[in-house]
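A.B. asks: What follows is a single structure, and I will ask about it in a moment.
Nothing in this text is a laboratory measurement; each read-out follows from the coordinates by a stated rule. Quick caveat, the model's predicted, so the values are computed rather than measured. Every residue, glycine as well, gets a Cβ built from its backbone with ideal geometry; the counts of neighbours run over all protein chains shown.
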């Protein structure tokens, strides 16, 4: 079972550096969970390769591409141990409380996370203040 953790980070404007607190929800995956996610990804691409095998001409390049993509993406999935699931904060520019879109979670946790305010469209970034120190 993935383990969720709530952390208190900062969200700031990229230009002026004005910041406010942000509550971010992280999800940590064990080695077994990462292996399962990786195996599912590889399985989907093996199924795609099997289905493409019956399509004339497309199978010539479709099968190798599906196998290569499956291997690359499954290794990438295995390497992801922590993802950011959500972030709630007040925009430091306009003061609107909102949930920020932080991505799909497939690429893992890389700080700072670039986001933007839905109301004022200001470019913001979420970062861990302990990381900068």
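A.B. asks: Give the Rg/Rh ratio for the stretch 31-79, taking Rg as the radius of gyration of the Cα atoms and Rh as the Kirkwood radius, to two decimals. Display every interim value, and only then the final one.
C.D. replies: Values: Rg = 11.8 Å, Rh = 10.9 Å.
Over the Cα atoms of the stretch 31-79, Rg/Rh equals 1.09.
A.B. asks: On to the next question. With P(r) over Cα pairs in 10 Å bins from 0, in percent defined as stated, name the option among (i) 13, 47, 34, 5; (ii) 10, 33, 26, 10, 7, 8, 5, 0; (iii) 12, 31, 23, 19, 12, 3 computed from the structure displayed.
C.D. replies: Read-out taken from this structure: (iii).
A.B. asks: Angle between the Cα long axis of helix 58-79 and the longest principal axis of the chain, 0 to 90 degrees, nearest 10?
C.D. replies: 40 degrees
A.B. asks: State the percent of C-alpha pairs, over all pairs in the stretch 64-120, separated by a distance greater than 18 angstrom.
C.D. replies: 50 percent
A.B. asks: Ranked from highest to lowest mean number of other Cβ atoms within 10 Å per residue, what is the order of the peptides 52-59, 22-29?
C.D. replies: The packing order, highest mean first, is 22-29, 52-59.
A.B. asks: Do the sum for the chain: with -39,500 (n - 2.57) for every DSSP H run of n ≥ 4, divided by all residues, what is the mean residue ellipticity at 222 nm, to the nearest 500 deg cm²/dmol?
C.D. replies: Numbers: 3 runs with 48 residues, N = 133.
Only helices count here, giving -12000 deg cm²/dmol.
A.B. asks: Further question on the same structure: Would you kindly state how much longer the chain becomes between residue 130 and residue 50 on full extension, computed as 0.36 nm times their sequence separation minus their alpha carbon distance, in nm to one decimal? Walk me through the numbers on the way to the answer.
C.D. replies: Values: separation 80, 0.36 × 80 = 28.80 nm, distance 4.79 nm.
Value of the extension gain: 24.0 nm.
A.B. asks: Which angle from 0 to 90°, rounded to the nearest 10, does the C-alpha axis of helix 31-52 make with the longest principal axis of the chain?
C.D. replies: Approximately 50 degrees, to the nearest 10.
A.B. asks: Next question. Based on the Cβ-Cβ distance from residue 72 to residue 3, what FRET efficiency comes out when R0 is 25 Å, to the nearest 0.05? Don't skip to the end; give the middle numbers.
C.D. replies: On the way: r = 27 Å, r/R0 = 1.08.
Between residue 72 and residue 3 the formula returns 0.40.
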